[in-house]
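Quick notes on the structure that follows.
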Amino acid sequence: MSVQTTKLAERLAALASIDIGRIASTGAVKARDVAALLPMPPNVVAFASARSATLPGTRHERAAFAKREIPHFYQTIDVVLDRLSAFAEGLGEPKPALLDIVVLATARLLRRTPALNAAWQDEGMLLYDRIDIALSQGSRMIVIADADRTGLRGINQSIAAAEEGLGTFAIADFTAAGIREASAIIDPHHAGVIALGAPHERAVMKDGAVAVETYCRVTLSADHRVVDGAAAAEFLSELKTLLEDPISLLL
């Protein structure tokens, strides 16, 4: 006998790699049945489509509100880019940019950490049912819809064709400006935002000799009401692993 499910329950189960057929329910398996098995705080109060949510005010008004009201905390990690650069070169033309790879790696990682693909509201946490990455570009914020389902080749095309919107998690790209490290402000629509710094070279000791490696700094700004420091640190550590050995992104 097949198990009856809702589409949102199926989506959440797929994100968390849960066998939905093994969930006991008196009726159709719903999103809350799946959420009870997820490794996240018990304060999830609602599930929502990313595209259905809207916020009043301009982006600058929301930023001012967020800086006052959201309990930000920040964590920074260095990512060595030498293997990533070789990986991108090996893919041929058009060669994916650093931002393309970061977008895809972040989206894939959010599959495994749905608590960061969320937002806070007065009653508790709002969990999104899809992964739409918002890119901060100057005064605009554009959205790559379903970024976790997009292949690496498609990310650049998606960025070029993206329209303004809010998304479910954000990346602020500072590479073009040459900014080495930055801390971005969380939009009230999100639980966090990654600030991607520009690549730089540094001298390091390898096998008793001085060598030069290229690295960039990635800073996560997170809402402490939604995610704690340990979970944020694990997220950044796993992102570093993905970016320093990106071959798995082709799978």
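Derivation of every value follows stated rules applied to the coordinates shown; laboratory data play no part. Since the model is a prediction, treat every value here as computed from it, not as a measurement. Virtual Cβ from ideal backbone geometry, glycine too; neighbours counted across all protein chains shown.
Kindly write out, for the range 95-100 in residue order, the coupling ³J(HN,Hα) from the Karplus curve 6.51 cos²θ - 1.76 cosθ + 1.60 (θ = phi - 60°), rounded to whole Hz, with x marking Gly and Pro.
Couplings: 6, x, 7, 3, 4, 4 Hz.
If packing is taken as the average number of other Cβ atoms within 10 Å across a peptide's residues, how do 163-173, 77-87 rank, most packed first?
163-173, 77-87
Using a basic spin-label model with each label point 7 Å from the Cα along Cα→Cβ, how many nm lie between residue 157 and residue 60?
For residue 157 paired with residue 60, the spin-label model returns 3.7 nm.
Within a Cβ distance under 14 Å of residue 61, other residues only, what is the Lys/Arg minus Asp/Glu net charge?
+2
For a paramagnetic label modelled at 7 Å from the Cα of residue 202 toward its Cβ, which residues of the range 209-235 fall within the zone defined by backbone nitrogen distances under 18 Å?
Label zone hits: 209-220.
Applying the Karplus parametrisation 6.51 cos²θ - 1.76 cosθ + 1.60 with θ = phi - 60° to the phi angles of the range 204-214, what ³J(HN,Hα) value in whole Hz is obtained for each residue in order, glycine and proline being reported as x?
Running phi through 6.51 cos²θ - 1.76 cosθ + 1.60 with θ = phi - 60° gives 9, 8, 9, 6, x, 10, 7, 10, 10, 10, 9 Hz.
Just how far, in whole angstrom, is the range 193-234 from the range 124-150 if you go by their alpha carbon centroids?
Cα centres, the range 124-150 to the range 193-234: 22 Å.
For a quick protection proxy, order the peptides 217-225, 242-250, 94-102 by their average other-Cβ count within 10 Å, most packed first.
217-225, 94-102, 242-250
Amide H neighbours of residue 120 under 5 Å, at least 5 residues apart or on other chains, H built in the peptide plane: list them.
Here 126 satisfy the definition.
With a 10 Å radius around each residue's Cβ, average the other Cβ atoms per peptide and rank 68-75, 189-196, highest first.
The densest-packed peptide leads the list: 189-196, 68-75.
Tally Lys/Arg at +1 and Asp/Glu at -1 over every other residue whose Cβ is under 15 Å from the Cβ of residue 116; what's the total?
-3
How much net charge surrounds residue 96 when only the other residues with a Cβ under 11 Å from the Cβ of residue 96 are counted, with Lys and Arg +1 and Asp and Glu -1?
-1
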